[in-house]
Every structure is written in structure tokens, then in C-alpha cells.
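Participant: Just dropping this structure here.
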Amino acid sequence: MKQNNKNKIIQIRNLTKSFDKNVILNNINLDLFEKESLAIIGKSGSGKSVLLKCIIGLLTPNKGSIKIDGREMVNSSPREKENILLDFGVTFQNGALFDSLTVWENIVFRTIKFNKLSKYDAKKLALSIILNLGLDKNILNLYPSELSGGMQKRVAIARAICDKPKILLFDEPTSGLDPITGSIIDELIKNTVSRLGVTAITITHDMSSVFKFADRVILINNNNIEWVGLPKKMNDSKNETIKKFLKNKNYD
């Protein structure tokens, strides 16, 4: 991927995050480019999810800068942060769907908050999204508890893309799924990112997923970015942690 011709969507400089004396991320520097699909790998507790939460403002770094399309996220005002977050669509590891809302209400939850839509128009919007994702219209009025784990993941993706964000974040999208369902989710992410022309960050420990949809990979280890490169370069890497990921396929 020729990144020199791409705009930098996310710029992270000297980012450090600790909890008390426990340093999780130390002096992280990272650029994410327009329409790039980036995979973040690393062992449990390496700081992958902490980095994601810093990017979207759920956690405040101890020091450093995070610029989203040129706008500073760190220590921004609540109004500024809210405006920046309008560019994001996020799926969390467990889906984080609202149990008390139906599928269609989950999908358009944020859209209704920021745009005055009638119930008819909101439901129509939800329907168009799930059909694009290969889901059946009959699930619209179901509740999350009535869906399989794989279906919940797909509804979470539908909710993430509803507002046509510039940036999509996926936190362990295939975690807990069987290989066949996980493969379906991988293809869904790949096709969605391509179709919408968005920038994507995916946290995963599933190496088969990395090779399916990632343009670039970073490995977080020992509180910092230990390796960065193209997926196809991983097989030739001398990095021991990379080797363990490739050997075990699901190294955690």
C-alpha cells in the first residue's frame, strides 16, 4: 500500500498511559492513513484495548498527542470530543448491544440521537443496512438475546456503520466465534471497509483474520510498538513474538 499518497487520518505522538505505577503504553508513535485497514496484535494485557480507548477518548493518556483528522483528542473539551467522535464507528469485543432495545433500535440508536428521524424512517434505514450486510429483515424486531453470537457481532457492525463514519474500530470482532462464523465476520469487515471507503483499526489475536483484511500490522509488546509491517512480511520476520503468533494462529 502506497501510504505516501494518503492523508494521515490519525496521528499519535509520544503517547504514554499508566495506571498508578503500572505502565501500559510507553511513548507510542503511530500514523494511520486514509482508507487503510490496520490490524493491532499483541498478547493479553499488552495494551491493545487501552490504545483503542485512548484514541476514542474513553481513557486520557498521561502524556502525548492524538490527532484525529488534524483535531486534538487529548484534553479536548466535551463538545470538541463529541464532534470528533462523530467520525467514529466502534464495535466492542462483546458487541455491547442494548438488551432492552430491538435490533433496529440498536442500529439507529446514535442516529436518532443526533438526527430527528421518524420511527418509520429510522426503521427503514436499519433495514437497508442489515440487507447490505447480508442479514435477514426478519431480525429487525428481535432482541439481542434472541440472536446468536455471530448475529450479534453483525448487528454491532451495522450499528457502527449507520452514521457513515470515516473511521471504524473493531475490538476482537471474531472473539468467541467458531471458525466458520469468524470467517464470515472477517469477510464482512473486509467488504464493509472497502465498500464504504473508510479507515479501519482492528484489534485481534486471530492471525487468519489479519491476513484476510489487514493492509498493515503492528505488534504491541513491552509497552510499545515492537514490529510494524505488511502482513505478507510477517512470515519472514525474525521477531520471536510474531513467530509465536504465526505458529499458534491464535496466540494470546
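Participant: Comparing ARG79, ARG159, ARG13, which has the greatest mean-square fluctuation in the GNM of the chain with Cα pairs linked when under 10 Å apart?
Facilitator: Looking only at ARG79, ARG159, ARG13, the largest GNM fluctuation is found for ARG79.
Participant: Beyond 32 Å, what percent of the Cα pairs of the chain remain?
Facilitator: 21 percent
Participant: Hey, what's the chain come to in accessible area per residue, 1.4 Å probe, Å²?
Facilitator: Here the residues of the chain average 50 Å² of exposed surface.
Participant: How far apart, in nm, are the 7 Å Cα→Cβ label points at LYS6 and ASP99?
Facilitator: It is 4.0 nm.
Participant: I would also like to ask the following. For the stretch 93-162, calculate the relative contact order in percent as a whole number, restricting contacts to Cα pairs under 8 Å that are 6 or more residues apart.
Facilitator: Relative contact order of the stretch 93-162: 50 percent.
Participant: In debye, nearest 20: dipole of the chain around its Cα centre with unit charges on the Cβ of K, R (+) and D, E (-)?
Facilitator: The calculation lands at about 520 debye.
Participant: Got a number for carbon plus sulfur as a percent of the stretch 1-114's accessible area, 1.4 Å probe?
Facilitator: It is 46 percent, rounded to a whole number.
Participant: Nearest-5 percent of antiparallel DSSP beta bridges in the chain?
Facilitator: 55 percent
Participant: Just LYS81, LYS124, LYS116 to compare: in a GNM of the chain, with alpha carbon springs under 10 Å, which one fluctuates most?
Facilitator: Greatest mean-square fluctuation among the candidates belongs to LYS116.
Participant: I'd like the carbon and sulfur percentage of the solvent accessible area for the stretch 136-181, probe radius 1.4 Å, heavy atoms only, ligands and nucleic acids excluded.
Facilitator: Here it works out to 51 percent.
Participant: Once you keep just the Cα pairs under 8 angstrom separated by 6 or more residues, what percentage relative contact order results for the chain?
Facilitator: Dividing the mean separation by the residue count of the chain yields 25 percent.
The values are calculated or read from the model by the stated rules, or taken from the named source; none is laboratory data. Everything numeric in this text was worked out from a predicted model, so none of it was measured. Here Cβ is always computed from backbone atoms with ideal geometry, including for glycine, and neighbour counts include all displayed protein chains. Accessible surface is based on the protein model in full, side chains and every heavy atom, while ligands, DNA and RNA are left aside. Shrake-Rupley method; radii C 1.70, N 1.55, O 1.52, S 1.80 Å.
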